[in-house]
Structure formats: C-alpha cells, structure tokens
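This report concerns only the one structure given below.
The values are calculated or read from the model by the stated rules, or taken from the named source; none is laboratory data. Note that the structure is a prediction, hence the values are computed from the model and not measured. Neighbour counts run over all protein chains shown; Cβ positions are idealised from the backbone, glycine included. To get the accessible areas, we keep the full protein, side chains included, count just its heavy atoms, and leave off ligands, DNA and RNA. Shrake-Rupley method; radii C 1.70, N 1.55, O 1.52, S 1.80 Å.
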Amino acid sequence: MPLTIRRLGMRDLSAIEGIERRAYRTPWSRSMFAGELAKPSSLCLGAFDEGGTLGGYLIISRYVDAWHVMNIATDPDRRRQGVATALMERLFELTEGDGQRGYTLEVRVSNTDAIRLYERLGFERRGVRRGYYTDNREDALIMWRDPLVEAASA
C-alpha cells in the first residue's frame with residue numbers, strides 16, 4: 001500500500017499514542033511526544049496510508065554532530081511492510097545536505113529484526129549502553145551512520 005510521509009503535528013498525538021502503546025512495553029507519555037513535536041530541533045515524521053491512517057512514525061532530535069533517532073515505531077499490524085524503511089529513507093532525503101551530522105540510535109540488543117533493518121540502512125554497531133532500558137535493565141546497542149556526503153559536481 002502506498003505511503004505518504006509528512007511532518008507530524010499535535011493533531012496526530014492520539015494516533016501516535018495508539019501505536020506507541022501497542023508497540024512498546026514502556027511507551028512514551030503523551031507529554032513526551034508533545035514536547036518533541038514542539039521543539040524546533042526535532043524532526044517528527046509520520047507514514048500515512050491512502051485512507052489517512054498513521055502506520056508508523058519517526059522522532060528525531062538534531063544535535064551539534066548527529067541526528068538522534070529518539071523513537072521509531074510501526075503499527076504492529078503494518079510491520080514488515082516497509083513503513084520503518086520508508087520513514088528512515090525520507091529522513092535521509094530531508095537531511096542529505098547536512099554533511100556535518102551523522103545519525104545515531106539505541107536499540108535493544110534483543111531486537112534482532114530492528115538491528116538488521118538499521119544495518120541494511122547503513123548503520124554500524126559502535127558500542128553498548130549497559131542497563132539502558134528501565135523496564136528490565138536490558139543493554140542498548142549504539143548504532144551510527146556517517147553523514148551523507150553530496151556527490152561532487154562534475
């Protein structure tokens with residue numbers, strides 16, 4: 001099913017929350033999402049189907065040297081349909097002129113499907129944050145992708 005990727009707004013909070021609660025054992029609160037949506041340094045994208053239903057979202061914070069993937073989730077009913085890939089590829093398109101910032105994220109060491117996705121997208125394993133996740137003290141794998149460099153003009 002074709003997807004439309006657009007910036008998220010406060011009007012999308014209920015749909016975001018619905019996915020978040022179904023996707024994660026320790027979901028973000030509504031106020032956490034509202035805070036990210038309001039920050040000028042955040043980039044918040046949603047993937048919508050033809051009917052306007054949110055299928056997944058991506059929350060990114062811009063730092064001096066990196067775009068940090070703060071949260072990414074796909075509706076459990078839409079997994080393995082390219083939603084997360086489409087969101088990440090759109091992120092790369094929107095930020096390709098920013099050769100100063102790489103991309104980073106943390107992912108549960110047990111989330112092998114997500115790790116494979118990130119590796120397919122060019123992320124590399126760079127370290128581990130011990131006991132990062134508060135629900136069960138699971139370690140987080142730190143992943144990094146170097147900045148996109150624009151092709152030199154001929």
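Quick notes on this one:
- Along the axis of the charge dipole computed for the chain (Cβ charges of +1 for Lys and Arg, -1 for Asp and Glu, origin at the Cα centre), the listed residues Gly99, Val128, Ala84 are led at the positive end by Val128.
- Computed over protein heavy atoms with a 1.4 Å probe, the accessible surface of the chain works out to 55 Å² per residue.
- Listed peptides 51-63, 91-103 appear in the order 51-63, 91-103 once ranked by packing, highest mean of other Cβ atoms within 10 Å at the front.
- Burial ranking of peptide ranges 108-116, 38-46 (average Cβ count within 10 Å, highest at the top): 38-46, 108-116
- Positive contributions from Lys and Arg (+1) and negative ones from Asp and Glu (-1), summed over other residues with Cβ under 15 Å from the Cβ of Ser61, come out at 0.
- Computed Rg/Rh of the chain, alpha carbon atoms with Kirkwood Rh: 0.95
- Estimated purely from DSSP H runs of n ≥ 4, each contributing -39500 (n - 2.57), the mean residue ellipticity at 222 nm for the chain is -8000 deg cm²/dmol once divided by its residues.
- All other residues whose Cβ lies under 10 angstrom from that of Asp113 are scored, Lys and Arg at +1 and Asp and Glu at -1, for a net of +3.
- Inter-label distance for Glu89 and Ser41, nm, one decimal - labels placed 7 Å from Cα along Cα-to-Cβ: 3.0 nm
- Cβ-based net charge around Thr104, under 10 Å, with every Lys or Arg adding one and every Asp or Glu removing one: +1
- Within the stretch 76-112, backbone nitrogen closer than 12 Å to the virtual label 7 Å beyond the Cα of Arg25 toward Cβ: 108-111
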